[in-house]
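The values are calculated or read from the model by the stated rules, or taken from the named source; none is laboratory data. In this text the structure is predicted, and so the values were computed from the model without any measurement. Backbone-built Cβ (ideal geometry, glycine too); neighbour counts: all protein chains shown.
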Amino acid sequence: MSSMIPSDENNNKKVKPEHFKDFFRSMNDLIHEKPVKGFLQSMDEFFNNPFPSGGFPVQVRDLEDETIISAELPGIKKERIRLNILPNQLTITIENHEVEAKEDLNNHFFHKKVSQQRLSRTISLPMVINERLVKASYRDGLLTIRIPLIKGKTINIED
C-alpha cells in the first residue's frame, strides 16, 4: 500500500521547478512592462546626470593652519567656475550658457535653442577670510581652495 502513495521526495522535485518557472516568467513580464521599464530608464538618466540633486558635492576640512575646501566638478570647464568671497563666506558658482542654432535656407527653417544652467554653493566659515591669501586650483574635475587661518592678537589678562 505504501508503494501506491507517491513519496514526498518525488513529488517535491517535480513541483518546485514548475513553481519557479512561473515565478521567473512573471518577474520577466513585470520588468519588461512599461511602468517598470520607464522606472529603469529614469534610473539610468539619474546616474548619467553629474549633479542629479541640483548641487555638487563639497567637502570642508579644517587643519591647524588652513581650511581646505574641495568641490567635485566632473566635466566642467575652468572658465565656467566663479569664486566669490565675502568676509566669512565663500561661494562657488558654475554657469553654463549654450546657444544652438540650425538654419535651412531651402526650407525656410530656423531653429534656435538657448539653455542656461547655474549652480552655486555657499560655505560659511567661522573666521574672516583674507582674499589675498586664498589659493585655488582646478585639476581633473576637482576644485581645491586653500584658505589660511589668520591668527589674531593674544591678549594677556592682568590680575
Practice item. Go through the range 139-157 and give me each residue that's in contact (Cβ under 8 Å) with a residue 40 or more places away in the chain and outside any strand (DSSP E or B). Key: G141, L149
Review point. Could we say that G54 is within 29 Å of Q117 (Cα to Cα), of a type outside the set (S, T, Y), under 17 Å from the mean Cα position of the chain (by Cα) and at pLDDT 65 or above here?
Key: no
Practice item. Could you look through the range 78-114, keep only residues that are touching a strand residue (DSSP E or B) at 6+ places or on another chain (Cβ under 9 Å) and not in a strand (DSSP E or B), and pick out the one that is surrounded by the fewest Cβ atoms within 10 Å (Cβ to Cβ)? Key: K78
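Residue by residue, here is whether (1) under 18 Å from P74 (Cα atoms); (2) not assigned by TED's automatic domain parsing to the domain that holds K77 holds:
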| position | (1), (2) |
| --- | --- |
| L105 | no, no |
| L119 | yes, no |
| P126 | no, no |
| A136 | yes, no |
| D159 | no, yes |
**Study point:** Subset of the range 128-143 that is out of contact with any helix residue (DSSP H, G or I) (no Cβ under 6 Å at 6 or more places or on another chain) and surrounded by 14 or more Cβ atoms within 10 Å (Cβ to Cβ) - its residue that is farthest from N84 (Cα to Cα)
**Key:** L143
Revision key, fill the gap. Within the range 94-127, residues in contact with a helix residue (DSSP H, G or I) (Cβ under 9 Å, 6 or more places away or on another chain) and polar (S, T, N, Q) come out as N96
Check your understanding: Does any residue in the range 64-92 that is at positive phi come within less than 9 Å, Cβ to Cβ, of a residue that is modelled with pLDDT under 95 and assigned to a loop (DSSP other than H, G, I, E, B) six or more places away or on a different chain, and which pairs are these?
Key -> G75/P50; G75/G141
